[in-house]
Amino acid sequence: MSLTKATLQAGMLSRFHRSVGQVSRGVVAAATCSLTATATTPGPRFSTAAPLKMNVPQPECLQKPLNVPSKLLMGPGPSNSPLRVHYAMMKPLLGHLHPEFTQIMDEVKEGLRYIFQTKAEVVCCVSGTGHAGMETTMCNLLEPGDVILIAQNGIWGERAADMARRHDADVRIIDKPGDTFTLEELDAALAQHKPAVLFMVQGESSTGVLQPLEGAGALCRKHGALLAVDCVASLGGVPFYMDGWDIDVVYTGTQKVISAPPSMAPIAFNDRAMAKVRSRKTPIRSFYSDMTWLANYWGCDGTPRKYHHTGPISAVYALREALAIVCEEGLESLWSRHKACAKKLHEGLGALGLEMYVSDPNKRTPTVSTIRVPEGVDWTRVTKYFMSNYLVEISGGLGPSAGKVWRVGLMGYNCTPENVDLVLRIMKEALADATGKSQKSKI
Ligand SMILES: Cc1ncc(COP(=O)(O)O)c(C=O)c1O
């Protein structure tokens, strides 16, 4: 049999088996290889021996039905998604460059421009969670030796510093765990360190701090720096104006206030930030996170979209619907709902004798509340009580607050007065249980 004929036959075989789904591509590829090998001169060959005995059987766990309990997620994220968002993921798959899909991507961009309050051209999503947004920010804005100033008030500043070092940046840190920075402090640090980038976190979910941003962008412009902001745990829950506050780069996550499943990191780079990206002397060290590629795939650079990676189609549908819900309610209403629910929660916790980790109410993010664990109370007993009795999640601390606090999230779909009441009632019971004064109420 000639080589061409053998290859053609193998190809037909492949198409047939693909359609009936009986054999894997690997078997057809092996057939092609062995036919090809017999037609060539002696030398190293792929084996024509019988297939090896498989030493990994089909896992038994996958022969059982998928088991997912329904839990109320009142921790720092993810939060629950409305059914409309879940239903969106049941829509048929489209190709990642099909016009119907790119239309949906364009709708997502419009929703993101609204929630970021920006008219920037480059507004898109990184396929990945909030960390992917952070990594994309670092790898696009930083070149080896660039100074980055990190205003650190919890674990997310620490993570940003770690990532920046991996890009060989010169990392300078100002540290105020559990507190906010003043404009005077930022001005002095910018003058001292002369960074290319100032990185800040708006809602520090590890400590519960809300960092004010107004004025920081103007300071960065005065000192010739770009301002990059993490608002993964705050966007949608508190006012945020990318253009109005001169913020050059911002990213968030889908699974917090937006209330879509964890899957993407919405991100925006303004013209100043893109000018820095386009004038780099060294290539961006990650192909996947290269903003010039992402901007093209998301239709933000005025040139035809090219394949960069396969977008997470169903997750984009979900985000589109979650953003539609945000737009239907309106940002002002969302912000005030978060403020009112957080106030109710904090007052209720105070009535239970609990103290907040961030003592000044004006410095707290309404989206993630950090509650001091009282002396002598085992915090894990309380979180377990929530979960085992009510399938409600609240979580312990993280980074500087580890072992010291409980964290309760009030975000998006889950941010309701009813959920606040529920958390307060369970907290009362759980505390009684943890201190040996158990008295279960009827919820
Ligand atoms: C402020 C902040 N930044 C970044 C992240 C990381 O996001 P992800 O877990 O989605 O990667 C989180 C997650 O909780 C966060 O709260």
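The values are calculated or read from the model by the stated rules, or taken from the named source; none is laboratory data. Small disclaimer: the values here were computed from a predicted structure and weren't measured. Quick reminder, even Gly has a Cβ in these numbers, built from the backbone with ideal geometry, and neighbours come from all protein chains shown.
Let me confirm something: among Thr182, Thr129, which residue is surrounded by fewer than 23 Cβ atoms within 10 Å (Cβ to Cβ) and more than 16 Å from the ligand (Cβ to nearest atom)? Before you say what the answer is, go through the steps one by one.
Details: Thr129 fails: more than 16 Å from the ligand (Cβ to nearest atom).
Step by step, each of Thr182, Thr129 is checked, and only Thr182 is surrounded by fewer than 23 Cβ atoms within 10 Å (Cβ to Cβ) and more than 16 Å from the ligand (Cβ to nearest atom).
Given the conditions (1) in contact with a helix residue (DSSP H, G or I) (Cβ under 8 Å, 6 or more places away or on another chain); (2) basic (Lys, Arg); (3) within 26 Å of Asp290 (Cβ to Cβ), and given that Lys109 satisfies all but one, which numbered condition is not satisfied?
(1)
Answer with yes or no whether Gly154 is touching a Lys or Arg at 6+ places or on another chain (Cβ under 8 Å), within 30 Å of Ala342 (Cα to Cα) and within 11 Å of the ligand (Cβ to nearest atom).
The answer is no for Gly154.
Can you find a residue that is assigned to a loop (DSSP other than H, G, I, E, B) and either at pLDDT below 95 or over 26 Å from the mean Cα position of the chain (by Cα) (or both) anywhere in segment 342-352?
From segment 342-352, those assigned to a loop (DSSP other than H, G, I, E, B) are 352; that's our starting set.
Those still in the list that are either at pLDDT below 95 or over 26 Å from the mean Cα position of the chain (by Cα) (or both) too: 352.
Yes, segment 342-352 contains at least one residue that is assigned to a loop (DSSP other than H, G, I, E, B) and either at pLDDT below 95 or over 26 Å from the mean Cα position of the chain (by Cα) (or both).
Within segment 147-171, track down each residue that is buried (at least 19 other Cβ atoms within 10 Å of the Cβ) and assigned to a loop (DSSP other than H, G, I, E, B).
Correct list: Asn153, Gly154, His167, Ala169.
Quick check on Ala275: is it of a type in the set (A, V, I, L, M, F, W, C), more than 15 Å from the ligand (Cβ to nearest atom) and free of Cβ contacts under 8 Å to residues at least 24 places away in the same chain?
On the way: of a type in the set (A, V, I, L, M, F, W, C): yes; more than 15 Å from the ligand (Cβ to nearest atom): yes; free of Cβ contacts under 8 Å to residues at least 24 places away in the same chain: yes.
Answer is yes for this residue.
Could you identify the single residue in Gly236, Gly302 that is small (Gly, Ala, Ser), at positive phi and surrounded by fewer than 21 Cβ atoms within 10 Å (Cβ to Cβ)?
The match here is Gly302.
For the subset of segment 278-308 comprising residues that are of a type in the set (S, T, N, Q) and more than 17 Å from the chain's Cα centre (by Cα), which member is nearest to the ligand (Cβ to nearest atom)?
Ranking the candidates gives Ser286 first.
Could you please let me know if Ala228 is hydrophobic (A, V, I, L, M, F, W, C) and in contact with a strand residue (DSSP E or B) (Cβ under 6 Å, 6 or more places away or on another chain)?
In short, yes.
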